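Taking it in order: structure first as structure tokens, then the write-up.
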Amino acid sequence: MQVYQARWVVPVTTPPLRDGAVAVQDGRFAYVGVASRAPRGDIHDLGDVLLMPGLVNVHTHLELTAMRGFLEELPFFEWIVRLQRAKTTVLTPQSMLDSAKLGLAEGLLAGITTYADTCDSGVALDAMREMGVRGIMYQEVFGPDPASCDEAIASLRPRLSAHLDRRSALVRVGVSPHAPYTVSDRLFEAVTRLAAEMDLPMAVHIAESEDEDRYVRDASGPFAEGHRSRGLTIVPRAETPVALLARLGVLERRPLLIHCVRTREADFRAIARARCAIAHCPASNAKLGHGIAPLNEWLEHGITVGLGSDSMASNNRMHVLEEARLALLAHRARHPGRPALPTSRALELATIGGAQCLGMEDEIGSLEVGKAADFAAFSLGDLAAVPDADPIATAVFALGGARASTVAVAGLLRVIDGQLRDADNALADRVRATGEALRASAVSPNHVKG
Ligand SMILES: [Zn+2]
């Protein structure tokens, strides 16, 4: 039995414990409580740290880590067109695997133990396995032309079967029809049927931007014009993107709904009725200029919400506590004078809320006896003010961006003394070289012809 002592233990589902400890046996918590009553075992005094459940990142694109800083200051349509083109013309399966592993290394050092990754290349599955984290890789599928639907499904099916052969105790497989502007009605319906047949969880980018709204509601805007220029017939599809998913029967499969920035009352009711969860990505939404999502309304409707960092191309970093801080600050700034969203609620979004989004709440998301021993400890030594008064406020408001000192997944230590275990030192160099290749390529916004 391994016993980890900490100045603060924050279980999330029960009150914080001063001078606490967790004991781990066979990958699970055998004790969560005050250190003085902990069972005997190998004692590791982590010292002046705050120990909490491993953070859950409900939306990443790990394969795109090399794109950090690559596509800045572009309108959304151009941003996504260049991003897609870069994936096919510059990135290779090996460079995307490296990207994904580097993204996970950064995530582990930020205390993130569980990842919900939407992945085009399929490399995230191996990356998660190699890095020893927990997660779901949702295989992405694209196809705005209904005529290409059968072909897309024909290649998707064996890919998913191959992924399923490689799943593990920690890593699961799902499927993600990308978004309304890249997926036809026919393909949405076909993927939904396939997900039911293969019993796979789904995720979908939805209601992210004004461009998407216009595309779905009026068949207008840059996405519609782009598709028409390729000879596709684009017609209005639904009042809102969420209404589109409802009409096509996608919501009945309870997909994880990524973004939902542009949702309103009828959407809230549809999402709540279908018992779908939302991956809230406040930094990405703000950075790309999509707006502030109606978090308050979602929570009032009883919708399950978790926090996602989104890709490095749309956030530039990965830290779920920072997302929690931003979600809470934006929420309070948006609703002046109304009762504030409690800080504890923001910490829940980063942990147990994320676990609920992925159907993993019985396994992870809080420090509880019997649950998997996924935890992260952050040093409090750097914080000038002694943060004893409210450790939850410290976690949400002061630890965003901080490096975790100790991180475990299923009881196995992945970060020790702030260092990644089994770090591949050449990995960052290889990803940096990919970044340089992106910048030098014709896809780069800074590329000069000649
Ligand atoms: Zn995304």
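Filter region 261-279 down to residues that are more than 12 Å from the ligand (Cβ to nearest atom) and under 14 Å from the mean Cα position of the chain (by Cα) and give me whichever is surrounded by the most Cβ atoms within 10 Å (Cβ to Cβ).
Out of the qualifying residues, it is Ile278.
Does Glu363 count as in a loop (DSSP other than H, G, I, E, B) and at pLDDT 95 or above?
Numbers: in a loop (DSSP other than H, G, I, E, B): yes; at pLDDT 95 or above: yes.
The answer is yes for Glu363.
Using the structure shown, decide if Val242 is assigned by TED's automatic domain parsing to the domain that holds Lys87, β-branched (Val, Ile, Thr), touching a helix residue (DSSP H, G or I) at 6+ places or on another chain (Cβ under 7 Å) and within 16 Å of the ligand (Cβ to nearest atom).
For Val242, the condition - assigned by TED's automatic domain parsing to the domain that holds Lys87, β-branched (Val, Ile, Thr), touching a helix residue (DSSP H, G or I) at 6+ places or on another chain (Cβ under 7 Å) and within 16 Å of the ligand (Cβ to nearest atom) - is not met.
Okay, residues lined up against (1) closer than 30 Å to Asp422 by Cβ; (2) surrounded by fewer than 24 Cβ atoms within 10 Å (Cβ to Cβ):
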{"residue": "Ser121", "(1), (2)": "yes, yes"}
{"residue": "Glu130", "(1), (2)": "yes, yes"}
{"residue": "Cys149", "(1), (2)": "no, yes"}
{"residue": "Arg172", "(1), (2)": "yes, yes"}
{"residue": "Val191", "(1), (2)": "no, no"}
{"residue": "Leu200", "(1), (2)": "no, yes"}
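Given the residues Val183, Val175, Val204, which is the only one that is within 16 Å of the ligand (Cβ to nearest atom), farther than 22 Å from Ile303 by Cα and touching a strand residue (DSSP E or B) at 6+ places or on another chain (Cβ under 7 Å)?
Just one listed residue meets the conditions, Val183.
Restricting the search to region 297-335, which residues are of a type in the set (S, T, N, Q) and modelled with pLDDT of 95 or more?
Hits for region 297-335 are Thr304, Ser309.
Just the residues that are crowded, with 21+ Cβ neighbours inside 10 Å and over 14 Å from the mean Cα position of the chain (by Cα), please, taken from region 332-359.
Of everything in region 332-359, those that are crowded, with 21+ Cβ neighbours inside 10 Å and over 14 Å from the mean Cα position of the chain (by Cα) turn out to be Ala346, Leu347, Glu348.
Tally time: how many residues in region 111-164 are assigned to a helix (DSSP H, G or I) and within 16 Å of the ligand (Cβ to nearest atom)?
Adding up the residues that qualify gives 1.
Output the qualifying pairs, or none if there are none: Cβ atoms under 6 angstrom, residues six or more apart or on different chains, first residue in region 273-286 and in contact (Cβ under 8 Å) with a residue 60 or more places away in the chain and under 11 Å from Leu257 (Cβ atoms), second residue within 11 Å of the ligand (Cβ to nearest atom) and β-branched (Val, Ile, Thr).
Ala279/Val58; Ala279/Ile258
Quick check on Asp185: is it among the acidic types (Asp, Glu), under 30 Å from Gly289 (Cα atoms), under 14 Å from the mean Cα position of the chain (by Cα) and assigned by TED's automatic domain parsing to the domain that holds Met318? I'd like the intermediate steps shown before the answer.
On the way: among the acidic types (Asp, Glu): yes; under 30 Å from Gly289 (Cα atoms): yes; under 14 Å from the mean Cα position of the chain (by Cα): no; assigned by TED's automatic domain parsing to the domain that holds Met318: yes.
Spelling it out, it is not the case that Asp185 is among the acidic types (Asp, Glu), under 30 Å from Gly289 (Cα atoms), under 14 Å from the mean Cα position of the chain (by Cα) and assigned by TED's automatic domain parsing to the domain that holds Met318.
Among (1) assigned to a helix (DSSP H, G or I); (2) under 20 Å from Glu78 (Cβ atoms), there is one condition Phe188 misses while meeting the rest; what is its number?
(2)
Could you tell me which numbered condition Ala35 fails, if it satisfies all but one of (1) touching a residue at least 40 places away in the same chain (Cβ under 8 Å); (2) out of contact with any helix residue (DSSP H, G or I) (no Cβ under 6 Å at 6 or more places or on another chain); (3) away from the ligand (no atom under 16 Å from the Cβ)?
The number of the failed condition is (1).
Is there any pair with a first residue in region 138-154 that is not assigned by TED's automatic domain parsing to the domain that holds Arg172 and a second that is in a helix (DSSP H, G or I) and surrounded by fewer than 17 Cβ atoms within 10 Å (Cβ to Cβ) whose Cβ atoms are under 7 Å apart and which are 6 or more apart or on different chains, and what are they?
Pairs that qualify, where the first residue is not assigned by TED's automatic domain parsing to the domain that holds Arg172 and the partner is in a helix (DSSP H, G or I) and surrounded by fewer than 17 Cβ atoms within 10 Å (Cβ to Cβ): there are none.
Which pairs do you get when a residue that is farther than 17 Å from Ser95 by Cβ, found in region 414-428, comes within reach of a residue that is among the charged types (D, E, K, R) and part of a loop (DSSP other than H, G, I, E, B), reach meaning Cβ atoms under 7 angstrom, with the pair 6+ apart or on two chains?
From region 414-428, the pairs are Arg414/Arg421; Val415/Arg421; Gly418/Arg403.
With the structure loaded, tell me whether Val235 is part of a loop (DSSP other than H, G, I, E, B) and either touching a residue at least 12 places away in the same chain (Cβ under 8 Å) or surrounded by 15 or more Cβ atoms within 10 Å (Cβ to Cβ) (or both) or whether it fails that test.
Judged against the criteria, Val235 is a match.
Of all residues in region 283-301, which are away from the ligand (no atom under 16 Å from the Cβ) and part of a helix (DSSP H, G or I)?
Within region 283-301, Leu295, Asn296, Glu297, Trp298, Leu299, Glu300 meet the criteria.
Working carefully through the options Ala389, Ala426, Ala440, find the one that is closer than 30 Å to Pro75 by Cβ, out of contact with any Gly (no Cβ under 9 Å at 6 or more places or on another chain) and surrounded by fewer than 13 Cβ atoms within 10 Å (Cβ to Cβ). Write out each step before concluding.
Details: Ala389 fails: closer than 30 Å to Pro75 by Cβ; Ala426 fails: closer than 30 Å to Pro75 by Cβ.
One residue alone meets the criteria, Ala440.
Going through region 302-331 one residue at a time, which ones are away from the ligand (no atom under 16 Å from the Cβ), surrounded by 17 or more Cβ atoms within 10 Å (Cβ to Cβ) and of a type outside the set (A, V, I, L, M, F, W, C)?
Thr304, His319, Glu322, Arg325, His331
In this structure, is Gly47 modelled with pLDDT under 95, away from the ligand (no atom under 16 Å from the Cβ) and of a type in the set (Gly, Ala, Ser)?
Judged against the criteria, Gly47 is a match.
What number goes with the only condition from (1) modelled with pLDDT under 95; (2) of a type outside the set (Phe, Trp, Tyr); (3) not in a loop (DSSP other than H, G, I, E, B) that Leu91 does not pass?
With respect to (1) modelled with pLDDT under 95; (2) of a type outside the set (Phe, Trp, Tyr); (3) not in a loop (DSSP other than H, G, I, E, B), Leu91 is out only on (3).
The values are calculated or read from the model by the stated rules, or taken from the named source; none is laboratory data. What you are looking at is a predicted structure, and each value in this text was computed from that prediction instead of being measured. No Cβ is skipped: glycine too gets one built from the backbone with ideal geometry, and neighbour counts run over all protein chains shown.
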